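The values are calculated or read from the model by the stated rules, or taken from the named source; none is laboratory data. The structure displayed is predicted, hence computed values, not measured ones. Virtual Cβ from ideal backbone geometry, glycine too; neighbours counted across all protein chains shown.
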């Protein structure tokens, strides 16, 4: 058998695999509509808009770039220092030179670690600022939509846009771009070192770069398709559960193998801490235990319960079990988007349920309704909804001077009064999101 150059053999194998991947990529059509692909802007336009959010923090990104260069220097210089120390130990050993080499290595390491630390701190702060700006614009846009538009948009998509999408963009600024830039500099540094050591071998290695580029482009296309499918699937997790009896019966017909309504969701892995189930009016013991164990969130919609006459959810039971419960206005079934009205209605319907349905479950208090409207639902988005240490400062400054009272009230009594009379004299003076004051105009 004739001698075959191993380099040519490896190149031939890579070439064949590349040709097959290119062929597979060409045969797969985009079919964007089947992927739930709703975006009308190209990537360049999206990057241009995102750059607008990063522009106010350009100086901080420049500082991060310099800090990154120091950490990159360690990645490139440390192997050279270690190699020099090995040669020193194996050759003419001199203890002072060894100490000096170790001291240099330790100094470079400490400096690199400090640079990495400050880089992470700056990026996290900038990332949170960018998230705040994004969410502020996003909330402003959502609040400007008409009821008809909100009815046409699934609630899950709105929640996903506010939470998952903004977090993904923050990760792009704080992690992805930095890692990409750092890797580019590291690769360039290694390439220069390889050329200095053996340029012939380096040129042979570079022959495989075109194949790597092709693999990357093809992988990007397939991974992007898979990511969109997963993203669309997670968007649909925000849905209804056990709102009325006819709905429960219909689900039983569709999924006869399920032991309860919630089991149909759990069968497909759709329950968990990133899932919101609205209503839960007629949840069975098994379903309640399932929601509790999986950490699934319950969105209590008191106005919808009353307007649709579907029943009143036993929220007292869920709170006593320590389950995740928040308040929701339910645009489709509610009559008002005000969370103050929602809090008052939550207390009112719980009293009706206590009097007419089950007197073993005491009515909700205004304090509990306020908790559900703030920290209860806010925990779904992270550490928000409280003034406790470590939480983001999301706050409203209220003026209740126009709400008249015949006697002095405590702070809590004033807040409780505001819950019921907010629309009759309450006034919002200032708003803070993540510690930043928001323009009310």
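Can you find a residue that is more than 26 Å from residue 414 (Cβ to Cβ) and at pLDDT 90 or above anywhere in the range 326-345? No, there is no match, as no residue in the range 326-345 is more than 26 Å from residue 414 (Cβ to Cβ) and at pLDDT 90 or above.
Which condition number does residue 293 fail, the rest of (1) surrounded by fewer than 24 Cβ atoms within 10 Å (Cβ to Cβ); (2) touching a strand residue (DSSP E or B) at 6+ places or on another chain (Cβ under 6 Å) being met? If we test residue 293 against (1) surrounded by fewer than 24 Cβ atoms within 10 Å (Cβ to Cβ); (2) touching a strand residue (DSSP E or B) at 6+ places or on another chain (Cβ under 6 Å), just (2) comes out false. State whether the residues of the range 337-347 include one that is in contact with a strand residue (DSSP E or B) (Cβ under 9 Å, 6 or more places away or on another chain) and within 18 Å of residue 285 (Cβ to Cβ). The answer is no, given that none of the residues of the range 337-347 is in contact with a strand residue (DSSP E or B) (Cβ under 9 Å, 6 or more places away or on another chain) and within 18 Å of residue 285 (Cβ to Cβ).
Residue 352 falls short on exactly one of the conditions (1) touching a helix residue (DSSP H, G or I) at 6+ places or on another chain (Cβ under 7 Å); (2) under 28 Å from residue 289 (Cβ atoms); (3) in a helix (DSSP H, G or I), and that condition is (1).
Scan the range 181-197 for residues that are at pLDDT below 80 and either more than 18 Å from residue 73 (Cβ to Cβ) or not in a helix (DSSP H, G or I) (or both) and the total you get is 1. Residues that are touching a helix residue (DSSP H, G or I) at 6+ places or on another chain (Cβ under 8 Å) and modelled with pLDDT under 85 were ranked within the range 401-434; the one that is farthest from residue 131 (Cα to Cα) is 405.
Counting only helices (runs of 4 or more DSSP H) wholly contained in the range 203-272, the ones carrying 1 or more residues that are at pLDDT below 80 occupy 209-235.
Identify the residue in the range 296-314 that is surrounded by 18 or more Cβ atoms within 10 Å (Cβ to Cβ) and in a loop (DSSP other than H, G, I, E, B) and, among all such residues, is nearest to the chain's Cα centre (by Cα). Don't jump to the end; show me each part of the working.
From the range 296-314, those surrounded by 18 or more Cβ atoms within 10 Å (Cβ to Cβ) are 296-306, 310-314; that's our starting set.
With the extra rule that they be in a loop (DSSP other than H, G, I, E, B), the set shrinks to 296, 301, 310-314.
Details: 296: 16, 301: 24, 310: 33, 311: 33, 312: 32, 313: 29, 314: 30 Å.
Applying the filter and picking the extreme gives 296.
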